[in-house]
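A.B. asks: Below is the structure I would like to discuss, written out as structure tokens.
The values are calculated or read from the model by the stated rules, or taken from the named source; none is laboratory data. Every value quoted in this text rests on a predicted model; they were computed, and no experiment measured them. All Cβ positions, even for glycine, are placed from backbone atoms using ideal geometry, and neighbour counts span all protein chains on display.
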Amino acid sequence: MDKERFKQALAKASRAMYRSLPIILGIIILVSLANVLVPKSLYTLLFKGNFILDPFIGSFLGSILAGNPITSYIIGGELLKQGISLIAVTAFIVSWVTVGMIQLPAEMMLLGRRFAITRNVTAFFLAIIVAILTILILTLF
């Protein structure tokens, strides 16, 4: 019985990977294009290494450029390679997944205007707080 469950789980995981492969490849291509087209000086213009301002900017960008968790890890890794601070990347990743300015109109229509706006504003600020707390915890240990 365990062998059969293992085969089912393996088949399900394989199908999920197969479905997400085009998304991952697309993001890798977009990140590669961004690395070539976006000058490195733009990153240093946006992110100054400020402990409070960098997570705010990261959260803002993540809110606008919303996406799924798998792609956020790839983009976050590339941002770290470009020298962006971990606090900014953490805020970016958290807001990328939790805040959705792109889907806000649909969310307002389905869940109500007040709820959708409250949820997005709360998630935006919590992304900043989570980023700051993450870095504080990492520096303690």
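A.B. asks: Quick one: is Leu80 more than 14 Å from Ile57 (Cβ to Cβ), modelled with pLDDT under 95 and loosely packed, with under 13 Cβ neighbours inside 10 Å? Please lay out each step first, then the result.
C.D. replies: Working: more than 14 Å from Ile57 (Cβ to Cβ): yes; modelled with pLDDT under 95: yes; loosely packed, with under 13 Cβ neighbours inside 10 Å: no.
No: the conditions fail for Leu80.
A.B. asks: Quick one: which residue in Lys7, Lys48 is in contact with an Asp or Glu (Cβ under 9 Å, 6 or more places away or on another chain) and either farther than 30 Å from Leu136 by Cβ or among the charged types (D, E, K, R) (or both)?
C.D. replies: Residue meeting the stated conditions: Lys48.
A.B. asks: Now for a separate question. Hey, could you check the range 22-54 for residues that are of a type in the set (A, V, I, L, M), more than 17 Å from Ser72 (Cβ to Cβ) and within 20 Å of the chain's Cα centre (by Cα) and say which is modelled with the highest pLDDT?
C.D. replies: Keep residues of the range 22-54 that are of a type in the set (A, V, I, L, M), which gives 23-25, 27-31, 33-34, 36-38, 42, 45-46, 52-53.
Narrowing further to those that are more than 17 Å from Ser72 (Cβ to Cβ): 33, 36-38, 42, 45-46, 52-53.
So of that shortlist, the ones also within 20 Å of the chain's Cα centre (by Cα) come out as 33, 38, 42, 46, 52-53.
Details: Leu33: 73, Val38: 67, Leu42: 75, Leu46: 84, Ile52: 84, Leu53: 91.
By that ranking, first place goes to Leu53.
A.B. asks: Taking interchain pairs and intrachain pairs at least six residues apart, which have beta carbon atoms under 6 angstrom, with the first residue in the range 99-124 and assigned by TED's automatic domain parsing to the domain that holds Leu65 and the second among the charged types (D, E, K, R)?
C.D. replies: Filtered contacts from the range 99-124: Ala116/Glu107.
A.B. asks: Follow-up question, since we're still on this one. Would you kindly identify the helices (runs of 4 or more DSSP H) lying entirely within the range 1-88 that contain at least 2 residues that are more than 22 Å from Val130 (Cβ to Cβ) and aliphatic (A, V, I, L, M)?
C.D. replies: The qualifying helices (runs of 4 or more DSSP H) are 2-37, 40-46.
A.B. asks: From Ile135, Ile70, Ile75, which residue is more than 25 Å from Ile23 (Cβ to Cβ), touching a residue at least 40 places away in the same chain (Cβ under 8 Å) and not assigned by TED's automatic domain parsing to the domain that holds Ile29?
C.D. replies: Ile135
A.B. asks: Something else about it: Quick check on the range 103-141: of everything there that is surrounded by fewer than 13 Cβ atoms within 10 Å (Cβ to Cβ) and not in a helix (DSSP H, G or I), which residue is modelled with the lowest pLDDT?
C.D. replies: Selected residue: Phe141.
A.B. asks: Look at Ala91 and say whether it is farther than 21 Å from Ile23 by Cα and buried (at least 17 other Cβ atoms within 10 Å of the Cβ).
C.D. replies: yes
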